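Engineer: If you scroll down you'll find the structure; I have some questions about it.
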Amino acid sequence: MLSDALPKELIATKFAKEILIKEMGHKQLSRIITSQSMGLFQIGMSIWNRIIVEGTDRVNPQAIAKYVRKKDKRIHAPISSIIGKPIIFDIYHADITILDEGITDNRVAEIFLAHVYPNNLLIDDVVFQNPYIPIPVNERISEMQHFKGLGLLRIFIDRIKQIAIELKCNYIILNAATKAEYALFQKYGFEAEDSPTAKKGLEIGYSIPMQLDVKNLPRA
């Protein structure tokens with residue numbers, strides 16, 4: 001179901017050359033741990049943060065401190081052990097590249113999603129870009145932005161919302177890397193979560209936990 005969020009059929013229409021799609025799901029978790037170690041660590045951290053924010057389990061916030069210090073890519077395992085329940089129900093990573101040896105950066109899309117404990121849909125990463133249209137440095141709204149987008153973010157977010165409704169999730173959650181991303185996701189209904197972590201993120205201008213309450217979404 002998580003793979004339904006990727007508008008792969010629309011991405012293909014954006015380019016004359018062929019695209020290559022590499023996908024991994026929950027059955028390939030060991031491969032994801034190896035190839036997306038930092039992303040999986042961030043997913044674990046987001047889950048732990050929500051456990052504390054939502055108060056679903058009585059835990060010591062410092063219980064995973066030693067794994068955090070090591071940036072342990074398997075941090076989801078000790079978290080699961082602490083609460084006595086699985087914390088990643090489903091996971092999906094997709095990387096789409098364009099088959100053109102004439103360009104240096106041939107990535108056109110990447111998404112990393114997870115359905116996680118207690119019942120949230122987590123967006124860890126989302127990129128849509130046209131590697132043929134670089135953005136001049138003085139026109140970039142974020143240091144992470146290098147190319148023009150594909151105009152697909154709204155479609156992606158709409159699909160994410162529908163998946164969250166079908167899964168009966170509590171929230172769609174993400175971590176805005178910068179204030180520019182924070183402002184962008186506000187346009188789609190996300191807001192900073194009510195937590196010390198979010199307040200600190202807003203203060204320093206990066207790593208801002210955001211949420212969208214699924215129960216407030218319109219049903220089809």
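The values are calculated or read from the model by the stated rules, or taken from the named source; none is laboratory data. What you are looking at is a predicted structure, and each value in this text was computed from that prediction instead of being measured. FYI the Cβ positions are ideal-geometry reconstructions off the backbone, even for glycines, and counts take in every protein chain you see.
Engineer: Would a scan of region 108-122 turn up a residue that is over 18 Å from the mean Cα position of the chain (by Cα) and of a type in the set (F, W, Y)?
Structural biologist: Within region 108-122, none of the residues are over 18 Å from the mean Cα position of the chain (by Cα) and of a type in the set (F, W, Y).
Engineer: Continuing with this model, one more query. I want to confirm something. Restricting to region 8-50 and keeping residues that are touching a Phe, Trp or Tyr at 6+ places or on another chain (Cβ under 7 Å) and crowded, with 20+ Cβ neighbours inside 10 Å, which single residue is modelled with the highest pLDDT?
Structural biologist: That would be I47.
Engineer: Taking the criterion of being assigned to a helix (DSSP H, G or I), within 16 Å of the chain's Cα centre (by Cα) and surrounded by 15 or more Cβ atoms within 10 Å (Cβ to Cβ), would at least one residue in region 192-212 satisfy it?
Structural biologist: No, region 192-212 has no match at all.
Engineer: Kindly check whether there is at least one residue in region 120-133 that is surrounded by fewer than 16 Cβ atoms within 10 Å (Cβ to Cβ) and without any contact (Cβ under 8 Å) to a residue 12 or more places away in the chain.
Structural biologist: no
Engineer: Going by the conditions given, is I88 β-branched (V, I, T) and touching a His at 6+ places or on another chain (Cβ under 8 Å)?
Structural biologist: Yes; evaluated as a whole, the condition is true for this residue.
Engineer: Which of (1) surrounded by fewer than 17 Cβ atoms within 10 Å (Cβ to Cβ); (2) without any contact (Cβ under 8 Å) to a residue 60 or more places away in the chain does I172 not meet, given it meets every other one?
Structural biologist: Condition (1) is where I172 drops out.
Engineer: Going through region 132-172 one residue at a time, which ones are on the phi > 0 side of the Ramachandran plot and either among the charged types (D, E, K, R) or in a helix (DSSP H, G or I) (or both)?
Structural biologist: K168
Engineer: Does at least one position in region 148-155 carry a residue that is out of contact with any helix residue (DSSP H, G or I) (no Cβ under 9 Å at 6 or more places or on another chain) and in contact (Cβ under 8 Å) with a residue 24 or more places away in the chain?
Structural biologist: yes
Engineer: Identify, by number, the condition in (1) of a type outside the set (F, W, Y); (2) outside any strand (DSSP E or B); (3) modelled with pLDDT of 95 or more that D105 doesn't meet.
Structural biologist: (3)
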